[in-house]
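Read through the structure below, which is laid out as structure tokens, and then see the notes.
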Amino acid sequence: MKAKLSNVLLGVMLLAILSPLDSLYADQMKRTFPAVAGGALKVVAEGAGVKVTGGTVDQVNVTLDSPREIGKFYDVTLGKEGDAVVISVKAKDSDHLLSRFFGNNLPGLEITVSVPAQTNADINTSGGEIGVSGLEGSVVANTSGGGVDCSRIVGPVVAHTSGGSINLVSVTGTYEVETSGGSIEAEGLSGDGSLETSGGGISAKRCTGMLDAGTSGGSIEVSGHSGGLIASTSGGNIDVEFTSPPARDSALRTAGGSITLAVPPQSGAWLSAKTIGGSVTTDLAVQVQGTIEGSSIEGRMGEGGPKLTLKTVGGSIRITKNEI
């Protein structure tokens with residue numbers, strides 16, 4: 001009994017001694033590389049968050065921060081391949097004393113990089129969030145364990161995550177956004193693209209171009225839109241506001257909510273609005289084709305134009321005038 005008690009006390013003492021060592025094991029790595037406009041940044045990391053900022057610098061500055069000694073938990077490679085700066089971070093199987101008490105759980109690592117604005121970024125991480133801002137180039141951001149935030153990007157954006165939300169602000173170029181575990185918020189997108197999630201809502205403000213927004217687990221809200229729109233959800237409402245008449249064929253579909261659409265009074269379209277389980281009403285004049293029914297309206301709106309399809313099961317459809 002005494003032997004067991006002494007072993008327990010020894011373990012407690014060791015933990016008490018080791019706990020404050022976190023600050024002593026804090027570590028940082030810094031490297032600087034020459035860069036050229038139009039170059040690239042490639043990051044492949046395990047257990048790390050990544051933040052990339054573009055600016056008026058003529059070099060690439062890389063900083064790695066961790067609460068414990070980086071070399072004890074990660075194999076890090078920093079170098080150049082042609083015009084590309086390459087950052088590789090791999091988790092290592094650690095056999096040191098700390099791992100006996102803390103296991104092989106990674107302590108966390110943050111990678112911060114500043115680059116010339118004209119840089120193409122390709123970022124892949126399996127354990128953290130990704131933030132990219134101020135770039136004039138293509139952006140690829142993939143993570144399986146965090147959110148993605150892209151802002152002030154002039155160029156195409158591809159962003160995927162299976163474990164977080166995605167935020168896009170002021171993106172000029174095509175975009176492809178997908179998450180299976182969070183919501184999507186977008187503002188000021190100029191270009192054609194898609195926003196897809198299976199686990200949250202979608203909000204898009206002041207966007208132009210052809211937007212394809214789809215979710216199976218939330219509502220869709222689009223305001224201040226101009227261009228065309230495809231919006232579909234099986235688990236929420238759809239609320240849309242066009243600031244100019246729809247310029248392309250558009251469709252709003254939901255199987256679990258209502259649809260509200262606001263368009264300018266002068267809008268022209270070929271309208272098809274149908275619901276099962278609700279009513280269809282409109283404030284705009286429609287030259288109806290066929291019979292008039294409370295659950296559907298088909299016909300020419302204004303002078304006609306692109307196709308405008310609205311369908312829902314389980315809710316009503318309301319078309320109003322946007323007086324902006």
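A single entry from ALA48, ALA91, ALA37, ALA84 fulfils the requirement of being surrounded by fewer than 17 Cβ atoms within 10 Å (Cβ to Cβ), touching an Asp or Glu at 6+ places or on another chain (Cβ under 9 Å) and among the hydrophobic types (A, V, I, L, M, F, W, C): ALA37.
Annotation: of all residues in segment 213-232 being out of contact with any Leu (no Cβ under 9 Å at 6 or more places or on another chain) and outside any loop (DSSP other than H, G, I, E, B), the one that is farthest from LYS321 (Cα to Cα) is GLU221. Assess whether ILE166 counts as being free of Cβ contacts under 8 Å to residues at least 60 places away in the same chain, under 18 Å from ILE220 (Cβ atoms) and of a type in the set (A, V, I, L, M). Considered against the rule, which asks whether it is free of Cβ contacts under 8 Å to residues at least 60 places away in the same chain, under 18 Å from ILE220 (Cβ atoms) and of a type in the set (A, V, I, L, M), ILE166 comes out as yes. Residue-level check: of (1) assigned to a strand (DSSP E or B); (2) of a type in the set (Lys, Arg); (3) at pLDDT below 50, ARG31 misses just (3). Looking at this structure, is SER267 in a strand (DSSP E or B), among the hydroxyl-bearing types (Ser, Thr, Tyr) and over 27 Å from SER183 (Cβ atoms)? It is false that SER267 is in a strand (DSSP E or B), among the hydroxyl-bearing types (Ser, Thr, Tyr) and over 27 Å from SER183 (Cβ atoms). Criterion applied to THR254, THR260, THR275, THR233 was being surrounded by 20 or more Cβ atoms within 10 Å (Cβ to Cβ), polar (S, T, N, Q) and in contact (Cβ under 8 Å) with a residue 60 or more places away in the chain, and the one residue passing it is THR254. Identify all residues within segment 128-166 that are buried (at least 18 other Cβ atoms within 10 Å of the Cβ), out of contact with any strand residue (DSSP E or B) (no Cβ under 6 Å at 6 or more places or on another chain) and either at pLDDT below 95 or not assigned by TED's automatic domain parsing to the domain that holds ASN105 (or both); write none if there are none. Result: GLY145, GLY146, GLY164. Screening GLU241, GLU221 for residues that are of a type in the set (Asp, Glu) and surrounded by 20 or more Cβ atoms within 10 Å (Cβ to Cβ) leaves exactly one candidate, GLU221. Does THR119 count as in contact (Cβ under 8 Å) with a residue 24 or more places away in the chain and over 27 Å from GLY235 (Cβ atoms)? Yes. Answer yes or no: is there a residue in segment 235-246 that is in the same structural domain as ASP192 (by TED's automatic domain parsing), within 27 Å of ARG206 (Cβ to Cβ) and modelled with pLDDT under 90. Within segment 235-246 (the criterion being in the same structural domain as ASP192 (by TED's automatic domain parsing), within 27 Å of ARG206 (Cβ to Cβ) and modelled with pLDDT under 90), the answer is yes, since at least one residue qualifies.
Identify, please: which residue in segment 167-212 is modelled with pLDDT of 95 or more and assigned to a loop (DSSP other than H, G, I, E, B) and is, among those, farthest from GLY235 (Cα to Cα)? Ranking the qualifying residues of segment 167-212, first place goes to GLY173. Taking the conditions (1) more than 19 Å from the chain's Cα centre (by Cα); (2) modelled with pLDDT of 95 or more in turn, ILE123 satisfies each one other than (1).
Selection of segment 170-198 for residues being aliphatic (A, V, I, L, M) and within 10 Å of the chain's Cα centre (by Cα) yields VAL177, ILE184, ALA186, LEU195.
The values are calculated or read from the model by the stated rules, or taken from the named source; none is laboratory data. Only a predicted model underlies this, so the values are computations on that prediction, with no experimental measurement involved. Please note: Cβ atoms are built from the backbone with ideal geometry, for glycine as well, and neighbour counts cover all protein chains shown.
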